[in-house]
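The values are calculated or read from the model by the stated rules, or taken from the named source; none is laboratory data. All values reported here derive from a predicted model rather than from experimental measurement. Note: ideal-geometry Cβ built from the backbone for every residue, glycine included; neighbour counts use all protein chains shown. We work out accessible area using only protein heavy atoms, side chains counted, and drop any ligands, DNA or RNA first. Shrake-Rupley method; radii C 1.70, N 1.55, O 1.52, S 1.80 Å.
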Amino acid sequence: MTANLVGRAREFATSRLLGREDYFDGLPAVPTPAAAELHRAGLANWWLPEEYGGMGASLRTGVDIVSELSYADAGFAFASFLPVLGTTMVHCFGAPDLAAEYLGAMARGGGSCAILVSEEEAGSELNRNQTVFVRKGDEIVLSGDKQFSTNTDSADFLLVAARSADDPSVHSVVLVPRQTEGVEIAKRWNMQGMRGSATYQVRLRDCVVPAHHALEGNGLRVLEAGLNASRTLIATTAIGVSRRIRDLSMEYAAHKQVKGAPLVDNAVFAAKLGQIEMLIDVMRNQCLAAAAEFDELLAAPDPAAVLYRTGATRSALSAKMYCGQAGWTVATIGSEMFGGLGYTNDHLITKLVRDLRYVGLVEGGDDVVRDLLFSRYVLPRAKRR
Ligand SMILES: Cc1cc2nc3c(=O)[nH]c(=O)nc-3n(C[C@H](O)[C@H](O)[C@H](O)COP(=O)(O)OP(=O)(O)OC[C@H]3O[C@@H](n4cnc5c(N)ncnc54)[C@H](O)[C@@H]3O)c2cc1C
């Protein structure tokens, strides 16, 4: 079922996305028609396990798919793959009938889910989040304000991180169908990049769901398990955008004259492009390494237990931080490449630079990732290698 998925993703990106950058950069209404086309092309939610009717593609395959999609539009790619965070949590930590119902529908219909974690005051200190749930008999009631959430308005269901109103030390992730009363979109953010995706501020007011919609385990740990997949793919968008910057530079350099010769013959240009190629190669290797580790954990006889025990993997944290930084280096070279035109909104490079910036910010900025690497992999002597 996964045969040539990467080739099909390349064909989809080339025929449906490429050349439509102005449209995607213009905060289009979502879901875009391209999302439905992705489903019709048999590519939506490519990672969903076969037991739910999905394609069951590995995260390694996902790395190359996301590189292809984000070559054309990183925002569209982000909206397409981000549900992997929610579906991984539901697959591993949801009750079997809950997972079958929601992931099965997603595999059939090509829909999406959204993740509501970030809050204004707590920031990355998720243990200070204020969204609360109360258990009332067979039901759970949730209330709170979420600062950022991608895909929420068009999602079929939401994964909401909340703490117990009775015991603030208890965190949970709860599945909330999008149409649940009390889920209100406060606004869509006017993001500087990734504008082909839609990120919202969301209010939750007395949202009632059945008690079995709460995933098993400490919500913050459950999140970490899923974040390994989405952080790896966020990192991967830097590969696609960097490849695009490389190719744009080559097209430009074929015609641009410097010192009486095409720029492409210039040694300084060659050195820059050689540097970019090295960064692309190392970014891909690190993303594939992180994906391979995740695939291995997910293939364990009891993936939920193994992922829960492991928490945030070093390889996924490193991939996200490295690709954010390496991608930014490529973006800097790229923005100088086209002279003054490269600083105008008339040139595509400006969008690519804006899009790339998100890699080092979303799902933990570099300060947060460094802190996690230090506390999880440097401080515990046994984990050093
Ligand atoms: C395009 C986009 C899409 C998003 N989609 C979603 C989504 O779908 N769901 C969701 O829940 N969230 C989403 N987010 C939120 C995103 O994950 C957070 O914005 C990001 O993780 C940073 O967290 P923060 O905004 O709380 O800022 P903080 O992490 O709180 O950062 C604020 C400041 O505090 C500093 N800081 C924080 N922690 C440390 C530390 N440990 N050590 C030193 N300094 C520190 C930072 O460096 C920074 O200067 C999205 C954001 C964007 C931009």
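Given a Förster distance of 56 Å, report the FRET efficiency between Ser154 and Ala261 from their Cβ-Cβ distance, rounded to the nearest 0.05. Once the sixth-power term is evaluated, E becomes 0.65. Taking label points 7 Å from Cα along the Cα-to-Cβ direction, Glu50 and Thr14 give a separation of 2.9 nm. For region 79-162, a/c is not less than 1.5, where a ≥ b ≥ c are the root eigenvalues of the C-alpha gyration tensor, and a/b does not top b/c. That puts it in the oblate class. The calculated FRET efficiency for Val134 paired with Ala305, based on their beta-carbon distance and R0 = 41 Å, is about 0.90. With a Cα cut-off of under 29 Å and a minimum spacing of 8 residues unless on different chains, the lysine pairs in the chain number 13.
Looking at the square roots a ≥ b ≥ c of the eigenvalues of the Cα gyration tensor of region 175-301, which shape do they give, rounded for a/c under 1.5, prolate if a/b is larger than b/c, or oblate? Verdict is oblate for region 175-301. Judged by the ratio a/c of the largest to the smallest principal axis of the C-alpha gyration tensor, region 113-213 counts as oblate, that ratio being 1.5 or greater while a/b is no larger than b/c. Taking the Cα atoms only, what angle lies between the long axis of helix 96-109 and the longest principal axis of the chain, rounded to 10 degrees? The angle comes out near 40 degrees. Sequence-distant contacts, meaning Cα pairs under 8 Å at least 6 residues apart, place the relative contact order of region 5-109 at 33 percent.
Angle of helix 219-255 to the longest C-alpha principal axis of the chain, folded into 0 to 90 degrees and rounded to 10: 20°.
On the principal axes of its alpha-carbon atoms, region 5-109 has extents of 43, 28, 20 Å, going from largest to smallest. The share of alpha-carbon pairs in the chain lying farther apart than 33 Å comes to 29%. The value of relative contact order for the chain, using C-alpha pairs under 8 Å at least six residues apart, is 17 percent. Between region 61-101 and region 310-347, the C-alpha centres lie 22 angstrom from each other.
For region 83-176, GluC sites (Glu not before Pro) are listed when DSSP marks them as loop and at most 11 other Cβ atoms sit within 10 Å of their Cβ; the list is Glu120, Glu121, Glu125. If the Kirkwood radius is taken over C-alpha pairs of region 219-383, then at 10 °C and 1.306 mPa s the Stokes-Einstein diffusion coefficient equals 92 µm²/s. Considering only Cys92, Thr329, Ser242, the residue lying farthest towards the positive end of the dipole of the chain is Thr329, judged by Cα position with unit charges set on Cβ.
Looking at region 302-384, the accessible area is 47 square angstrom per residue; that uses a 1.4 Å probe and ignores ligands, DNA and RNA. For the peptides 32-41, 262-271, residues were scored by their other Cβ atoms within 10 Å and the scores averaged per peptide; the highest-first order is 32-41, 262-271. Over region 113-213, accessible surface divided per residue gives 44 Å², non-protein components excluded, 1.4 Å probe.
The residues Asp145, Asp22, sorted by heavy-atom accessible surface at 1.4 Å with ligands and nucleic acids left out, run Asp22, Asp145 from largest to smallest. Each Cα pair under 8 Å and six or more residues apart adds its sequence gap; the mean of these over the residue count of region 219-383 is a relative contact order of 31 percent.
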